[in-house]
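Student: What follows is a single structure, and I will ask about it in a moment.
The values are calculated or read from the model by the stated rules, or taken from the named source; none is laboratory data. Note that the structure is predicted; figures quoted are calculated from it, not measured. Heads up, the Cβs are rebuilt from the backbone with ideal geometry, glycines too, and the neighbour counts pull from every protein chain shown.
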Amino acid sequence: MVITIIGILAAMLLPVLSRAKDTAARTTDINNLKEMMVATQLYATDNQDTMPWPNWVSGDEPARHGWLYTQPDNVVVLAPGQSAFKVETGLLWATLHNPKLYFVQKITPTAHCLHNASSNVPATP
């Protein structure tokens, strides 16, 4: 009897805790995005209203510093979870100084988000 009551209480409590954890992760992601936008604005203000250069591997000049990283001289393929690109070399690092700001805590698209995204896609003839 006691085990049944504990099981029922746990079943009612776990979804609430899961939603609280998801809300906390979304709040963290929004705050990280805000910090990055503030850093971008500060960079632009200090550099004649010029935005930091974007990063991409193919087509970028190795000597050009991007907002996220400076392209290394030789790009090597590393093991999963490792990166040849170091955020400490990016233009926004001088303002941010926190590598955790560059990563999304949790990506969980909801049915509502997926529906809205698909409704904005024009139909193909």
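Student: Determine the pairs where a residue that is small (Gly, Ala, Ser), located within the range 9-30, has a partner that is surrounded by 10 or more Cβ atoms within 10 Å (Cβ to Cβ) with Cβ atoms under 6 Å apart, the partner being 6 or more residues away or on another chain.
Tutor: 25/105; 25/106
Student: Moving on. On the given criteria, is residue 83 surrounded by fewer than 10 Cβ atoms within 10 Å (Cβ to Cβ), assigned to a helix (DSSP H, G or I) and modelled with pLDDT under 70?
Tutor: No; evaluated as a whole, the condition is false for this residue.
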